[in-house]
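Written below as structure tokens is the structure these notes are about.
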Amino acid sequence: MSRQLLTKEGERMLLHTRDHCGQWMNIQPTTIDVTMTIREAKSMMTMQEQLEMAVVENGRFLGVIRIWRCLRSDDDQQTVENVIERPHAIVDEHCSLRECKESLLYVVHHESGILSGVIGMEERLAFTHYLEEQEEKQRQMNRWLMLSLDTAYEGVVIVDHKGIIQVFNETYSRFVGVTKEEAIGRPVEEVIENTRIPVVLKTGVPERSQAHRLQGQELVVHRLPMWQEGEIIGAVGMLVFEGKTELEETLQRLERIPQAVAIEESRWHKHTESNVSVRFEDIIGESPAIASAKKIGRKAAVTEVPVLLTGETGVGKEPFAHAIHHKSHHQKGPFVAVNCAAIPESLFESELFGYLKGAFTGTRAEGKVGKVELANGGTLFLDEIGDMPFESQAKILRVLETKQVERVGGSTPVHVDFRLVAATNQDLKAKMLKGTFREDLYYRLNVIHIEIPPLRERKQDIPSLIAHHLKLREQEGFQKKTLTKAVLERMFSYSWPGNVRELFHYLERMYVLSEGPIINEQDLPKELLQRTFIPASSMPPPTSDQELIYEALKEAKGNKSEAAKQLGISRATLYNKLAKYGLSV
Ligand SMILES: Nc1ncnc2c1ncn2[C@@H]1O[C@H](COP(=O)(O)OP(=O)(O)OP(=O)(O)O)[C@@H](O)[C@H]1O
């Protein structure tokens, strides 16, 4: 049945293209001139082995002469004019050859009467051969269409304008337990329970993504009318998902993304106030840039001096802080992390230094131990130190200098012994020069400075970071997955403004959304498909170096030695920079 539909369409196309007589006729047929004698015509027809031939006068078609008439003639010196007959079939160039059944056709121009051509046995054979070829192509096309419909994951049913099923694919057949042969030719409502296809045929209004209960299952369906030349000629019904459960699973997978990323992040954060070890070996990456940062970190860890970790957001400053703690003499003590950006100035003292019972209204009756005291014997990690309010900076500096804390509401200072690690993604020097970060605190923190390079400067670490992440998923009991070379190439050409955090985020997204064991290009988020470089928003713009120099010179009233000292660079470097930026030397 479906074949019938498609073949009809095929036929229509053929008619419009290569079916007309003008296309197939012999345009140079042998003809007999009206002035010729019957004898001459006879010998010509015998030579040409023709039983019938066209007679023309100045190209105009007059009729035909047939060999048997010539043979029966008493006087073969007469002109052929005396034996002309009207042929069975005179046609126009535009006539459909398919519809003309005669074996010999004379194609005559309908206005001028000129004989344009003849369609004889040879032409007819060529046309039949062509038709057979077309039909085979059509059959092949139908097979492809049916095969693709049967391969489709969705159930597909096509009905004609009366709602009679014309096409019914395998998936639908499996759902409703009716074979294709049984379904085709029957009214759709007899095969698909509760179907609204007859309604769509009447109204012409498509119904998309509708819930449909079938065989006791909730399904999602589309019902689309098919239009041709302003009339509804049928409708298509599609089951988009095998069941609502599949849709739900997809939604659940989407919901899992933030959750899974949170698990990843908490891998480090959950150790915030505990001693679970994160070693330098756990920091993934062997690029020279990260290897050198790890080397400095290892060396710094065994000393007592404070360490300042800087780097763009998401580069992994926190794992570094943990690794330093683990390798330090304080490794047996607690690791206490404080996110300085998250504590409002009004609560800063009570959070960091604690308070005594009844220190102020609304506090816990028993008082509270502050983070600094908690870090006693261990490591205090001051994260996002660049965001610490200016007033609070003085307070923390005092603790660092005196190694003593005084709880709010108390008067007896408590001695504390901790290792200090601070981190920021801000340019502390620039902040200091602008006056928003205390100079004395800056120098106290910045004894050993470890700059953790952005991921775009150590792209060779990308494969091991990916492998690490996928391995973790596997260890958690999830499916083992890998990614294609094309995906890896995309990851190499991306600039990773959010660094390792962003890499893990996208990886998790792709892991969750990819269906099989292979993550391929179609699973890539759109950001990774754009090759444009996105500068890290959290880092100072490239002009800041110039700004710093300008500020320092202003502060030093033009004295270059003084400005160089302020900037922590040599006079020669300052001169080089001034020349580079085109500032007067
Ligand atoms: N080299 C690494 N090896 C393993 N995991 C890493 C590495 N670098 C970063 N990570 C992961 O990336 C996540 C982001 O790193 P982290 O939270 O330390 O960023 P950050 O540098 O502190 O950024 P921000 O300044 O935004 O706080 C971490 O949870 C960690 O899981």
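What follows draws every value from the coordinates through simple rules; no lab data is involved. Only a predicted model underlies this, so the values are computations on that prediction, with no experimental measurement involved. As a convention, Cβ positions derive from the backbone with ideal geometry for all residues, glycine included, and neighbour counts pool all protein chains shown.
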| task | Kindly provide log₁₀ I(q)/I(0) values, in the same order as q = 0.14, 0.24 Å⁻¹, from the Debye equation applied to equal alpha-carbon scatterers of the stretch 455-529. | result | -0.38, -1.19
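Pull out the extension gain between THR482 and LYS299, defined as 0.36 nm times the separation in residues minus the alpha carbon to alpha carbon distance; nm, one decimal. Before the final figure, lay out each step's value.
Working: separation 183, 0.36 × 183 = 65.88 nm, distance 3.62 nm.
Result: 62.3 nm gained on full extension.
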| field | Spin-label pair THR46/CYS100, simplified geometry with 7 Å Cα→Cβ offset, distance in nm | value | 3.1 nm
| request: Treat every Asp and Glu Cβ in the stretch 2-128 as -1 and every Lys and Arg Cβ as +1, leave all other atoms uncharged, and give the resulting dipole magnitude about the Cα centre to the nearest 20 debye. | output: 480 debye
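Among the GluC sites (Glu not before Pro) in the stretch 470-502, which ones are in a DSSP loop with at most 11 other Cβ atoms within 10 Å of the Cβ? Mind listing them? Show your work: numbers first, answer last.
Values: sites: GLU474, GLU476, GLU489, GLU502; in loops: GLU476.
For GluC sites (Glu not before Pro) across the stretch 470-502 that sit outside H, G, I, E and B with at most 11 neighbouring Cβ atoms in 10 Å, the list reads GLU476.
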| field | FRET efficiency, GLU451 to LYS357 (Cβ-Cβ, R0 35 Å, nearest 0.05) | value | 0.20
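In nm, what is the difference between 0.36 nm times the number of residues separating ALA89 and ARG571 and their Cα-Cα distance? Before the final figure, lay out each step's value.
Values: separation 482, 0.36 × 482 = 173.52 nm, distance 10.75 nm.
Net length gain for the segment: 162.8 nm.
How big is D, in µm² s⁻¹, for the stretch 72-180 by Stokes-Einstein at 20 °C and 1.002 mPa s if Rh is the Kirkwood radius over C-alpha pairs? Show your work: numbers first, answer last.
Numbers: Rh = 19.2 Å.
Translational D for this selection: 112 µm²/s.
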| query | Reachable aspartates and glutamates from LYS327, Cα under 20 Å, same-chain residues fewer than 8 places away excluded? | reply | GLU273, GLU281, ASP282, GLU286, GLU304, GLU318, ASP383, ASP417, GLU451
| Kirkwood Rh and Cα Rg combined as Rg over Rh, evaluated for the stretch 133-231 | 0.99
| query | Rounded to the nearest 0.05, what FRET efficiency do GLU132 and TYR153 have when you use their Cβ-Cβ distance and R0 = 30 Å? | reply | 0.25
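Just list whichever of LYS317/LYS403; LYS299/LYS485; LYS459/LYS554; LYS357/LYS434 have alpha carbons separated by over 28 Å in the model shown. The partial results should precede the final answer.
Values: LYS317/LYS403 25 Å; LYS299/LYS485 37 Å; LYS459/LYS554 39 Å; LYS357/LYS434 40 Å.
Long pairs (Cα-Cα over 28 Å): LYS299/LYS485; LYS459/LYS554; LYS357/LYS434.
Once fully extended, how much extra length lies between GLU229 and HIS109, figured as 0.36 nm per residue of separation less the alpha-carbon to alpha-carbon distance? Spell out each step's value before the answer.
Working: separation 120, 0.36 × 120 = 43.20 nm, distance 3.26 nm.
Using 0.36 nm per residue and subtracting the Cα-Cα distance, I get 39.9 nm.
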